[in-house]
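Written out below as structure tokens is the structure these notes cover.
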Amino acid sequence: MTTVDVDPARTDPLADRIRSLVLPDRVHGSIYTDPDVYARELERIWYATWVYVGHASEVPEPNDYVRKTIGPQQVVMTRDKTGAIHVLHNRCSHRGNLVCDADRGNAGSFRCPYHGWTFANTGDLLGFPFNQGYGGSRARAELPGLGVVPRVESYRGFVFASLAVDGPTLREHLGAAAERLDRLCRLSPEGEVELTAGWVKHEVTANWKMLVENETDGYHPQFVHSSIFSISGSGIGALYSDKSTAVTRALGGGHTENDLSPEFRRLGVPMGWAGTPEAKIPDYVAAMRATYGSETADEIMINGSPHVMIFPNLFVAEIQLFQIQPLAVDRTVQHVTAIQFAGAPDLNRRLVTQCVGSVGPAGMLLADDAEMYERNQRGVAQRQPEWLDLTRGLHRERVDDDGHTIGTATDETSMRAMWRHYRELMT
Amino acid sequence: MDELGVVANEFATVSVSVDDRGNGTRLRLEDLRTGTVRHLDALELESIVWAPESWMRALLDPSAHRWRDAERGPARESLDEP
């Protein structure tokens, strides 16, 4: 009998195609528009790796729950009576109806509105009406409960889930990006952030990867956001210039950041990153100094908040947090909220106001980006030229003391890193 | 009678009040979706507080009471209570 050694890669034409579409210095336009590529992204990225789901502060009390998403999948994040957090598929095990409809609530059990099947907030099936039709209550043990997402872990209150039973731990997945969440939490006098300001959902007709790329693209702000910068007198635009000491950094695992802290340190203004003078938030400044001591508190308040994209869907942009959710190859939702710091009510009020102006329903920042996403999606559908260029700053990339690749504030180091990781996952 | 408020989520809506029309106080619960009422006196409430979690889980089985099969007896027997 003759045996043939089969190279799995050779039997996967889509993998071959993706390898040919994602190159170190360019990507093909069809990577944003091909439904087959999108279908594989769901299986290889959204349903296989760690995906950010929600924050523990969104379910503060026993039996609190919130509806969340993992890509197009509808899930419910619950806190049970014991305090443990679960992520459940929002699908009745009887006829597949959505079980939870409200965005948030408090319930120890969920009753499907279709036929009354009732589930604990851990996913266990508690019962169903007229059980003689199933031979009595004993059938309960044989029938399935709600689907339970197999792996749920949190870091500093940020809850991630993975639909894959096996794989790297969350800490391994986050790698160096975890320290950015630490940096964020240090801005609270109590060391915690709270996502309690409510959410705005922005849906765009664009592929999700355009959003991921844009989040740490330091090349666009001076163009796309020039109007809000000029109206508000913001100095943010200058942070993203060739004169800026800020850097773009590849953190590994597809995670990237615009590290603006060198520029904030050069300017040396506490809370300069938030555009809020210390005099306007005296309680916050006092609380920070009481917690950390004056010197360390000033250092924390000067360095500011991170601007980090944690692949594939968590973006912390200094004062606001975005959760990216693909709905289809050309439809994406950005869920956005103002970050709130525990123990900082005076700062939090200002952050909400700022976020209303930047990313609220009539906000001037995200609307600019949304316009670019949708124009980009229409643009890549055109036939020529076929490729998108990724070479900006390639010749001047360096490796920092921590071994991370860095570029200047406006270089496309972050995009190249994201695509390298993407290619590994997809092929 | 002191109306304490309405406890509601997307699955049920129940009005809660303290009924003091009798010789002592008791809790009055009204399922606002059907108008069904149950009173609970202090000892009944204390018993609920002390009941094991398995008791509450069994209570939440729709077939246990409200939607049980006809051959198992009246499904809405609580309505017959005074």
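The values are calculated or read from the model by the stated rules, or taken from the named source; none is laboratory data. Being a predicted model, the structure only gives us computed values, none of them experimental. Glycine gets a Cβ as well: all are built from the backbone with ideal geometry, and neighbour counts include every protein chain shown.
If only residues of region A:200-237 that are among the polar types (S, T, N, Q) and in a loop (DSSP other than H, G, I, E, B) are counted, the one that is surrounded by the fewest Cβ atoms within 10 Å (Cβ to Cβ) is A:Thr205.
Of the residues making up region A:238-253, those that are touching a Lys or Arg at 6+ places or on another chain (Cβ under 8 Å) and part of a loop (DSSP other than H, G, I, E, B) number 1.
Among the residues of region A:119-152, write down those that are more than 14 Å from chain B (Cβ to nearest Cβ) and more than 20 Å from A:Arg67 (Cβ to Cβ). Result: A:Glu142, A:Pro144.
Which of the residues that make up region A:99-153 are hydroxyl-bearing (Ser, Thr, Tyr) and in a loop (DSSP other than H, G, I, E, B)?
A:Tyr114, A:Thr122, listed by residue number.
Listed residues A:Val285, A:Val316, A:Val329; which is at pLDDT 95 or above and either outside the structural domain of A:Ser414 (by TED's automatic domain parsing) or touching a Lys or Arg at 6+ places or on another chain (Cβ under 8 Å) (or both)? So the residue among A:Val285, A:Val316, A:Val329 that is at pLDDT 95 or above and either outside the structural domain of A:Ser414 (by TED's automatic domain parsing) or touching a Lys or Arg at 6+ places or on another chain (Cβ under 8 Å) (or both) is A:Val316.
Within the set A:Ala381, A:Ala344, the sole residue that is out of contact with any Lys or Arg (no Cβ under 6 Å at 6 or more places or on another chain), small (Gly, Ala, Ser) and surrounded by 13 or more Cβ atoms within 10 Å (Cβ to Cβ) turns out to be A:Ala344.
Return the residue satisfying two criteria in turn: it lies in region A:23-47 and is among the aliphatic types (A, V, I, L, M) and either assigned to a loop (DSSP other than H, G, I, E, B) or surrounded by fewer than 20 Cβ atoms within 10 Å (Cβ to Cβ) (or both), and of such residues it is nearest to the chain's Cα centre (by Cα).
A:Leu42
Taking the residues in region A:64-98 that are hydrophobic (A, V, I, L, M, F, W, C) and assigned to a loop (DSSP other than H, G, I, E, B) as candidates, determine which candidate is surrounded by the fewest Cβ atoms within 10 Å (Cβ to Cβ). Per the stated criteria, the residue is A:Ala84.
For A:Ala197, the conditions (1) more than 21 Å from A:Ile406 (Cα to Cα); (2) touching an Asp or Glu at 6+ places or on another chain (Cβ under 9 Å); (3) buried (at least 16 other Cβ atoms within 10 Å of the Cβ) are fulfilled apart from (2).
Only one residue in A:Ala107, A:Ala102 is within 12 Å of another protein chain (Cβ to nearest Cβ), over 25 Å from the mean Cα position of the chain (by Cα) and closer than 21 Å to A:Arg79 by Cβ, so which one is that? Just one listed residue meets the conditions, A:Ala107.
Scanning region A:384-427 for residues that are closer than 17 Å to A:Gly218 by Cα, surrounded by 14 or more Cβ atoms within 10 Å (Cβ to Cβ) and polar (S, T, N, Q) yields A:Thr405, A:Thr408, A:Thr410, A:Thr413, A:Ser414. Collect the residues in region B:6-35 that are touching a strand residue (DSSP E or B) at 6+ places or on another chain (Cβ under 7 Å) and away from chain A (no Cβ under 14 Å), keeping them in residue-number order. Selection gives B:Ser15, B:Val16, B:Ser17, B:Val18, B:Asp19, B:Thr25, B:Arg26, B:Leu27, B:Arg28, B:Leu29, B:Glu30, B:Leu32. In a residue-by-residue description of region A:37-59, the property of being touching a residue at least 60 places away in the same chain (Cβ under 8 Å), of a type in the set (Asp, Glu) and over 24 Å from B:Val6 (Cα atoms) applies to at least one position.
May I ask you to say which residue of A:Ala367, A:Ala338, A:Ala344 is over 30 Å from A:Glu43 (Cβ atoms) and without any contact (Cβ under 8 Å) to a residue 40 or more places away in the chain? That would be A:Ala367, the only listed residue that is over 30 Å from A:Glu43 (Cβ atoms) and without any contact (Cβ under 8 Å) to a residue 40 or more places away in the chain. Here A:Ser93, A:Ser57, A:Ser30 are screened, and the one residue that is among the small types (Gly, Ala, Ser) and in contact with a strand residue (DSSP E or B) (Cβ under 6 Å, 6 or more places away or on another chain) is A:Ser57. Going by what's in this entry, would A:Ala164 be described as more than 20 Å from B:Leu60 (Cβ to Cβ), at pLDDT 95 or above, outside the structural domain of A:Pro326 (by TED's automatic domain parsing) and assigned to a loop (DSSP other than H, G, I, E, B)? Judged against the criteria, A:Ala164 is a match.
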